[in-house]
Amino acid sequence: MKRFTFMIIAFFCLYSMGFAQIKVGTNFSILTNLPIDTRMTAADTITRNAISPMYRYEGMCVYVTNTATNYQLTGGITNYHWKPMLTGAKPKNADTSDIVYMYNKSGITIPRYMVVMVDPNNDNSIAIAPANCELPIGITCEDIPNNSWGYIVVGGIATVNINRNVTRSWYAYVSSRVDGKAVASNNVSSSYHYREIGHFLESRTKAQGRARVMVHFN
């Protein structure tokens, strides 16, 4: 009899764990500065995308620290369905800028501050602009993992990776040697025209790694 009773209790415990909701007739007093649910925040989009599909649901929200942006699963639960919940603020690297939300299907993560082009192999997608690219369209605001959405600056002010010293007020161009990076020149030669991404707003050294530009594309 005791064995039978134990089996009944065990069955109902397992059933409640798998199917029942926890019902609470009061509120909680939270005594921590940590999120109640560890899924509520992620350091970056790579960490957000690593959340197991078993623990996702449509409407789920995650705050990503390095982009200072809330994302919500909208219309599904795959990484394709993470959409930003903008409330007037813009992501980092996009102050006073025109930004668009684009998808990366290039097969690799596209790092922040990289010059990008339309992906020649996939519709409605972006890829890192190769050296000497004459088809640049934007500069990334954040790391964009493969098969994920992310912001790019298409006009205004942005920060871009550089691979040599740059001078304020000079033209900013796609590098002739390094994919996704920019260089400076005061040459107005037509050979540079379609590689142009704007004008540098500050002088920086190669060692500093990046510089701000006023963005425009030809």
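The values are calculated or read from the model by the stated rules, or taken from the named source; none is laboratory data. Not measured: the values here are computed from a predicted model. Cβ placement follows ideal geometry from the backbone for every residue including glycine, while neighbour counts extend to all protein chains displayed.
Results, tabulated for the structure shown:
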| quantity | calculated |
| --- | --- |
| Residue count for the range 172-218, restricted to those that are among the basic types (Lys, Arg) and either free of Cβ contacts under 8 Å to residues at least 40 places away in the same chain or touching an Asp or Glu at 6+ places or on another chain (Cβ under 8 Å) (or both) | 2 |
| Those strands (runs of 3 or more DSSP E) lying entirely in the range 86-130 with at least 2 residues at pLDDT below 95 and closer than 11 Å to Tyr151 by Cβ | 98-104 |
| Yes/no for Ile144 being of a type in the set (A, V, I, L, M), under 23 Å from Asn66 (Cβ atoms) and free of Cβ contacts under 8 Å to residues at least 60 places away in the same chain | no |
| Selection count where residues are under 13 Å from Val153 (Cβ atoms) and in a loop (DSSP other than H, G, I, E, B), scope the range 203-218 | 2 |
| Subset of the range 159-179 (residues that are assigned to a loop (DSSP other than H, G, I, E, B), crowded, with 17+ Cβ neighbours inside 10 Å and in contact with a helix residue (DSSP H, G or I) (Cβ under 8 Å, 6 or more places away or on another chain)) | Asn163 |
| Residue among Ser185, Ser148, Ser189, Ser176 that alone is out of contact with any strand residue (DSSP E or B) (no Cβ under 8 Å at 6 or more places or on another chain) and either more than 30 Å from Ile77 (Cβ to Cβ) or modelled with pLDDT under 95 (or both) | Ser189 |
